[in-house]
1. What's the center-to-center distance, using Cα atoms, between the stretch A:345-402 and the stretch A:261-297 in Å?
2. With charges only on Cβ, +1 for K and R and -1 for D and E, what is the dipole size of the protein assembly as shown about its Cα centre, in debye, rounded to 20?
3. If you build the Cα gyration tensor of the stretch A:153-255 and take the root of 5 times each eigenvalue, what three semi-axes come out, in whole angstrom, biggest first?
4. Roughly how crowded by other chains is peptide B:21-28, in terms of the mean Cβ count from those chains within 10 Å of each of its Cβ atoms?
5. Could you check the simple spin-label distance between residue A:274 and residue A:326, using points 7 Å along Cα→Cβ, in nm with one decimal?
6. Exposure proxy check: A:692, A:362 ranked by fewest other beta carbons within 10 Å?
7. Going by how many other Cβ atoms sit within 10 Å of their own, how do A:474, B:90 line up, fewest first?
8. Taking a spot 7 Å from the Cα of residue A:548 along the direction of its beta carbon, which residues of the stretch A:240-262 have an amide N less than 18 Å from it?
Amino acid sequence: MATTSEKPPNVFGPTLSRRQFVKTGGALVVGFSLVGPKFLKGDAAKTATLKNSLDPTLPSSWIEIHPDSTVLIRTGKSDFGQGSPFTAYRQIVADELSVPFEAITTVVAGDTDRTPDGSGAFDFLGRGTPNIRKAAAYTYQALLDLSSERLGVSKDKLSVKDGIVSGDGKSISYGDLVKNQQLKLTIPVKGDLTSIFGLTIEGDPPMKPVSDYTVIGKSFKNSIISSKVAAKETWATDVRLPGMLHARVVHPKTLGSTLVSAGQLDKTKFPNTRVVVKGNLVGVVAPTEWETIQAADQVASSTKWTEWRGLPGNARLYQHLREEADWTSAPVEKGKESKGDVAPALTAAHKKLSATYQLSYMKHAPIGPTMAVADVKSDGTVHIYTHNQNPQALRGEIAMMLRTTPDHVVVHAYPGPGHYGRSNGGNAGAEDEAVLLSQAVGKPVRVQWMRADDMQWSTQSSVSFSDVQLALDEKGKIAAYQIDHYMPAMQDDRPIGAVLAGLPTMSAPQVHSDGVTSTVNGIEDPWVYAGVPNLIENGHGTFQVGQKASPLAVGLRDHSMRTPGQFQQNYPRELAMSEAAALAGVDALEFRIDHANEERAIGVLKAVRDASGWDTRPSPRSDAASTGATPLRGRGVSLMLRSGTYWACVCQIAVTPSTGVIVVEKYTIAVDPGIVVNPMQLKRNVEGGAVMGISHALLEEVMFDESGITQDDWNSYPIPTMSDIPEIKVVLLDNPKVGSYGGGSEAANALAAPAIAAALHDSTGKIIRRLPMKPAYVQALLKA
Amino acid sequence: MVTLTVNGVRHEVQAPDDTPLLYVLRNDLQLIGPQFGCGLAQCGACAVLIDGKERRSCVIPIVTVADQEIITLEGLPARWAKQKGLSAEEAKSTLHPVQQAWIEEQTPQCGFCQNGMMIKATELLESNPHPTLAQIKEAFTTSGLSPNLCRCGTYVAIIDAVQHAATIMAKGR
């Protein structure tokens with residue numbers, strides 16, 4: 001059994017406070033072991049345990065109760081700034097177990113040898129039932145059973161408060177209960193530990209009624225914030241192993257270049273440096289970081305690569321997608337809400353909208369470039385120290401690359417910069433390179449990507465375009481709506497170093513039926529306008545741009561990013577809704593209310609209307625203009641349902657036609673997640689998402705030529721500064737009658753774009769149907 | 001060999017003169033507050049105070065700061081304790097008001113940039129104890145070599161925390 005005192009060797013700096021952020025008062029960490037009859041029998045549980053260091057069928061692998069009544073919880077999900085493992089998870093477990101929040105003194109997150117379930121840093125709240133909640137619910141039942149036996153009181157007469165079980169005038173604490181005890185319980189699980197989704201707890205244990213919650217709903221502070229702010233947290237960037245060498249990778253000249261010859265190293269200047277070549281992977285390894293950086297520059301300047309010009313370049317991107325991409329090999333995915341008969345209704349339209357919307361490639365652009373330390377030991381075992389959204393999936397990918405099994409690989413998870421989805425399938429970029437270089441030199445190796453590597457050799461959020469056809473009837477209601485979404489595969493989880501080295505990886509995205517790495521483009525944006533009688537939503541998928549043409553099978557690799565797929569589908573849908581309202585001559589917010597039957601959707605719309613000071617009227621405003629040097633004002637609205645949470649947003653903007661510059665002056669967002677688990681954390685998550693959304697809407701566009709990405713720093717790929725942000729107002733609608741909690745750490749980033757585009761139309765009378773709304777594009781639109 | 005004075009401690013550093021300060025702080029002195037964000041002085045993740053000014057350690061050759069007072073995130077509590085004349089015992093358990101405010105306001109998301117944000121806030125509040133919203137935005141956007149960038153978008157929380165830190169500092173504790 002893992003204990004909280006475990007830590008990697010010789011990691012300098014403070015103790016691993018995220019794992020032991022409240023002292024356990026010297027109490028022994030003695031979990032209770034659980035044996036006996038199983039809730040679930042069969043192969044699923046057995047298969048699931050093959051790759052585990054911790055047996056997920058044992059409750060103590062998830063939750064340890066100590067003799068002093070303190071509690072430890074474990075989750076395979078790493079924290080990426082959402083804070084959920086340290087706030088919501090503790091709150092959820094506290095309520096299920098009926099212990100105080102503070103009793104949960106330790107959270108173990110991410111490490112593959114110390115957590116049971118895997119999966120990625122997304123959907124933390126698991127649509128109301130994350131694994132840790134079920135684990136707590138099972139454990140609670142086992143504790144009641146044991147209490148009943150110990151106290152001689154029937155289970156239905158027992159109650160628990162603050163970790164003390166009472167009934168018939170007798171009582172016992174959890175701590176006393178579990179001392180030297182064995183509970184009879186097996187937790188049923190299914191799934192594949194090293195897949196993107198990891199293991200899921202099965203079964204249906206009784207859960208605490210919402211009315212009994214005392215911890216959920218309060219703004220408990222995120223403990224890891226304290227240790228980060230005080231410089232007491234060990235980040236992935238801080239890990240140093242004995243004998244460790246620094247490394248940089250000289251990536252190919254283009255996204256399709258192969259190596260002709262690696263550059264010669266000037267040994268008089270860099271006496272301690274080695275160049276490692278494996279296929280098309282060129283690594284530069286040295287004892288000090290500064291020597292490594294300088295030597296890598298020298299090697300890069302003299303390394304020869306083949307030329308490659310197989311990308312369409314920005315200017316031809318949409319033409320390429322429309323006319324040259326293969327949209328026929330992947331089956332068209334039809335949205336499950338599709339209904340009625342669209343074609344005749346379109347023909348009979350009183351008024352019609354027919355339009356195409358384009359959304360650019362964007363970078364995840366973590367504020368720190370990816371890095372990893374790897375230690376490949378002589379017996380073939382591999383330890384990786386990194387910051388990754390899915391350590392178990394990474395473990396599987398590294399094992400595959402090395403032609404070994406996952407039990408030879410351990411991934412140690414540490415804090416690091418947000419990845420926003422880039423590593424949720426198991427790699428961010430440097431991990432596999434560190435492993436290969438460590439294997440080559442026989443020592444631990446730390447690979448740090450530079451800013452340019454991170455801009456040019458990481459994956460990006462997929463480009464997309466959508467065609468909308470929409471019919472209004474004589475009453476100004478939508479009679480028919482058809483939307484066809486086109487997007488290249490958005491989840492390429494091949495480790496790039498393995499690809500360059502020619503070693504085994506999962507396949508590049510292709511047509512197949514098993515989910516995330518397929519070229520099939522599913523409908524990701526839940527339909528919220530039940531009042532539309534005839535509806536077709538189609539998803540069209542294809543290969544990544546350049547994937548097939550690149551001799552490296554690389555090209556522009558894509559990866560899911562915050563609100564993946566759904567942003568690409570919600571932006572056109574919501575902007576088209578605003579356009580349809582304008583076509584009908586009615587207010588865009590009321591138009592949405594009129595088409596949405598769902599009470600919660602209407603609730604967020606009304607809340608954002610009231611909080612933003614929305615003036616109900618049709619768009620564009622009566623004095624809209626598309627010329628002049630005076631800022632013009634307008635407002636727009638958007639709506640989304642994601643992971644059980646309803647979101648509505650209003651953006652109020654000022655646009656100056658002569659410059660094309662849009663300034664968002666006020667951003668108001670209303671959120672109904674059902675139960676609000678932690679108001680402060682949700683508010684901060686939403687504010688951050690809002691800023692990223694404004695960035696997506698106004699600034700972010702991956703620029704590339706026929707060979708690769710041409711941006712290499714923050715000047716060429718700008719993101720918002722503090723001066724760019726508007727007044728941001730977050731309205732949290734706590735809605736306990738929903739009986740569950742939805743997600744809150746993504747979606748806010750997707751709502752700004754359609755609202756800002758609608759606001760631009762409101763102020764100027766012109767519609768821009770492409771993202772981002774850079775000044776040059778807006779200027780061109782207004783002049784047209 | 002270069003002698004650096006960091007957080008009040010003198011260090012003889014065995015590194016080439018042109019080594020950027022960031023690598024010496026992190027790799028030789030085990031001061032991990034400053035982070036590597038871009039290596040180009042474009043983001044602020046690596047910021048330190050040098051003679052009280054916010055500077056980017058990723059582009060500063062160590063030889064150029066040999067005679068100057070370098071303060072990292074780790075040194076902020078002692079800096080505050082000294083400014084307020086706290087006893088050694090009190091100083092041990094005290095964070096800088098900027099750090100306290102960053103916790104109270106739950107400012108960081110991933111937190112990777114927040115070292116630079118707290119260094120910038122300290123620089124600002126030492127020269128302007130009651131900054132207006134416009135002055136805060138100016139400080140984090142145009143006062144340094146580049147804007148202090150946050151990819152998680154925590155700017156609202158940073159503004160809240162700067163204002164809160166100003167209140168704590170005005171109270172003196």
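1. 29
2. Numbers: 92 positive and 97 negative charges, 109 e Å.
Charge dipole, the protein assembly as shown, about its Cα centre: 520 debye, nearest 20.
3. Numbers: eigenvalues 403, 100, 63 Å².
Gyration-tensor ellipsoid for the stretch A:153-255: 45, 22, 18 Å.
4. On the way: counts 0, 2, 6, 3, 0, 4, 6, 2.
The per-residue average across the peptide is 3.
5. Between residue A:274 and residue A:326, the simple spin-label model gives 4.1 nm.
6. On the way: A:692 28, A:362 24.
The order, fewest Cβ neighbours first, is A:362, A:692.
7. Numbers: A:474 9, B:90 12.
With the fewest neighbours first, A:474, B:90 line up as A:474, B:90.
8. Of the residues in the stretch A:240-262, A:256 have backbone N under 18 Å from the label point off residue A:548.
Throughout, read-outs are computed from the coordinates displayed, never taken from laboratory work. These figures come from a predicted structure and were not determined experimentally. Because the Cβ atoms are built from the backbone with ideal geometry, glycine has one as well, and the counts that use them run over all protein chains shown.
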